[in-house]
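Some notes on the structure that comes next.
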Amino acid sequence: MLPALAWAVSLGLLPWWLGLPLLFALAAAVLLLQHRLAGEHATMIRRGLRWGLAGVLFASLRALGGDAFAWGAASLGALAGYTLLAGLEAWLDRSRRDGSWRRDPAAAPSAEWPELAMAPIGPAAEIIELQPPAWQSADEGLTDPSAHRVEYRDGAFLFSDGSGIGGVGPQAAFSPAGRWFAARMPSGRGVALWDREGHHRHRLRGWQLCGWYREQPWLSRREGDMPLALPDVLGRDDED
């Protein structure tokens, strides 16, 4: 504080027309040389501007005689001067991130601009290729990838382990690894899905099975529509 006070008192004792050019010179130096100044030097100059402005205002107050007009002029000068000083400091601080005057060059990205320009933006795209369902007819017998014997009686598929699914037509399909069992509902009303590992059954009216992707069913309303994964389908229509 002592050097700052001494600087303010010195400018207050000098004529204002000497102190004001000194402040302009300091402002120009910190503005034009901001990338070359060390952090402590830049901070010292900015502190000198704040305290030096107070000294120049006091010098102008003395020069105008110290009457009411002088106080009014000094007040307007303080308002304008410190507003400009705040704008200057905001401009100088525009690139500061962590409180330091300059960024550490070692912290700059090492990649060159061509690498940055060609870097992918966002998550990588995934191409989904569905494996069409291999529909089997109960009249010809079903081949279960899990090696269970399958029978079709009275609108129901019955498996040798005692499990089954009813209310479906005679056409059915298994997922490639056998986790899912799909059967068409009578009269083309929809499709019934059975997660044999998770023990979940879904009856989706108005949907048809388009294919399998990563052992999961994908469905659509009608031929030519965009297929949707089962989590996107659930809740859109009635489900049993």
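Whenever a residue of the range 83-95 is farther than 16 Å from Arg47 by Cβ, its partners that are part of a helix (DSSP H, G or I) and modelled with pLDDT under 75, lying with C-beta atoms within less than 8 angstrom and at least six residues away or across chains, give the pairs Trp91/Leu31. Reported count of residues in the range 191-205, each being surrounded by 15 or more Cβ atoms within 10 Å (Cβ to Cβ), of a type outside the set (Val, Ile, Thr) and over 36 Å from the mean Cα position of the chain (by Cα), is 5. Could you tell me whether Arg47 is within 49 Å of the chain's Cα centre (by Cα), assigned to a helix (DSSP H, G or I) and at pLDDT 75 or above? Yes; evaluated as a whole, the condition is true for this residue. Among residues of the range 205-232 that are touching a residue at least 60 places away in the same chain (Cβ under 8 Å) and within 18 Å of Pro186 (Cα to Cα), those with a beta-carbon under 6 Å from a residue that is assigned to a strand (DSSP E or B) and open to solvent by 20 Å² or more (accessible area, probe 1.4 Å) at least six positions away or on a different chain give the pairs Cys210/Trp218. Of the residues Gly178, Gly166, the single one that is under 20 Å from Trp212 (Cβ atoms) and at pLDDT 85 or above is Gly178.
Yes/no matrix, rows are residues, columns are (1) without any contact (Cβ under 8 Å) to a residue 24 or more places away in the chain; (2) buried (at least 16 other Cβ atoms within 10 Å of the Cβ):
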position: Ser137; (1), (2): no, no
position: Gly141; (1), (2): yes, no
position: Asp144; (1), (2): no, yes
position: Arg149; (1), (2): yes, no
position: Gly166; (1), (2): yes, no
position: Gln171; (1), (2): no, yes
position: Phe181; (1), (2): no, yes
position: Met185; (1), (2): yes, yes
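On inspection, Pro132 fails the criterion of being modelled with pLDDT under 75 and surrounded by fewer than 11 Cβ atoms within 10 Å (Cβ to Cβ).
When Pro21 is tested against the conditions (1) in a helix (DSSP H, G or I); (2) more than 49 Å from the chain's Cα centre (by Cα); (3) at pLDDT 75 or above, the lone failure is (2).
The values are calculated or read from the model by the stated rules, or taken from the named source; none is laboratory data. Given the structure is predicted, the values throughout are model-derived calculations rather than measurements. Glycine also receives a Cβ, built like all others from the backbone with ideal geometry; neighbour counts cover every protein chain displayed. Note: areas computed on protein heavy atoms with side chains; ligands, DNA, RNA excluded. Shrake-Rupley method; radii C 1.70, N 1.55, O 1.52, S 1.80 Å.
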